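What follows is a single structure, written as structure tokens, with notes after it.
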Amino acid sequence: MKRVVVFTGAGVSAESGISTFRDSGGLWEKYDISEVATPEAFARNPKLVIDFYNARRKQVLEAKPNDAHKALVRLEEKFNVQIITQNIDDLHERAGSKNVMHLHGEIRKVRSTRFPELVYELKSAEQQYDAVCERGFPLRPHIVWFGEMVPMMELAVEHVSAADLFIIIGTSLEVYPAASLIHYAGSLIPTFYIDPNARPIDKLTNVSIITEKAGTGVPALVEHLLKTK
Ligand code: OAD
């Protein structure tokens, strides 16, 4: 089976009602990254950071997978599909995609501030301010903050390097190292970039740009790929 790697960003979940970051009205227009999404912010004011992610979690729990998430599941009928998402929501999983890697963490999980391997699924929408891990240390959102390493990056590079086909959906490609993944795809493999604001990518000449919303662009591309395989 041919290997398809799908690299998604906030745009794939936009039509599910989850805010993107850098569009007009996006999250980073309303919040200051340095106040809510860095280890220093958490050290300074953990309650503010926990409140911020509690609000994100509530939005995710109210959202449902859209036609883009669902279409990507159908790709598995004929391809070996690996999704690599920058999103912290679980909409790819809830749609039914089997292989989903979260580069920037998962909003429905928290982890120990002292023992990062102690990761817990939250039972409710809210992380309590005083919750601790089984060894007594405070919990933090299971999120990769600005200034932190991206632990899944190496594995993600391996997947992209081995892909036969690469699809990029709904990302501004502004955040590194995640955005650098696109340069590991073979320069000759078919590559598609679906985003209403997609622009040609420097040095990548094999990219078909589809300036459509994910909810229509992804199902159309999936139908096309299933037919022409
Ligand atoms: P951005 O907010 O930077 O970009 C969202 C992209 O989605 C833009 O290119 C939009 O054009 C596109 N878009 C908007 N609506 C869309 C739709 N209906 N269909 C398809 N595309 C649409 O979000 P990301 O690129 O995901 O990291 O941001 C990357 C990282 O920056 C995030 O993972 C997050 C953020 O800070 C962390 O928090 C660590």
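The values are calculated or read from the model by the stated rules, or taken from the named source; none is laboratory data. In this text the structure is predicted, and so the values were computed from the model without any measurement. We place every Cβ from the backbone using ideal geometry, glycine too, and count neighbours over all the protein chains shown.
Structure notes:
- Options 226, 188, 204; residue that is surrounded by 12 or more Cβ atoms within 10 Å (Cβ to Cβ) and in a loop (DSSP other than H, G, I, E, B): 204
- Taken together, 93, 35 contain a single residue that is surrounded by fewer than 19 Cβ atoms within 10 Å (Cβ to Cβ) and more than 13 Å from the chain's Cα centre (by Cα), which is 35.
- Applying the condition of being closer than 29 Å to residue 40 by Cα and free of Cβ contacts under 8 Å to residues at least 12 places away in the same chain to the range 142-188 and asking which residue is nearest to the ligand (Cβ to nearest atom) yields 179.
- All positions within the range 34-63 that are away from the ligand (no atom under 15 Å from the Cβ) and not in a helix (DSSP H, G or I): 45
- Filtered residues of the range 9-33 (kept if of a type in the set (S, T, N, Q), more than 9 Å from the ligand (Cβ to nearest atom) and modelled with pLDDT of 95 or more): 16
- Which numbered condition residue 113 fails, given (1) among the β-branched types (Val, Ile, Thr); (2) buried (at least 20 other Cβ atoms within 10 Å of the Cβ); (3) more than 15 Å from the ligand (Cβ to nearest atom): (2)
- Filter result (more than 25 Å from residue 3 (Cα to Cα), in a loop (DSSP other than H, G, I, E, B) and not small (Gly, Ala, Ser)) within the range 69-124: 113, 114, 115, 116, 117, 118, 122, 123
- Some residue of the range 75-89 being among the charged types (D, E, K, R), out of contact with any Cys (no Cβ under 9 Å at 6 or more places or on another chain), under 23 Å from residue 179 (Cβ atoms) and surrounded by 22 or more Cβ atoms within 10 Å (Cβ to Cβ): yes
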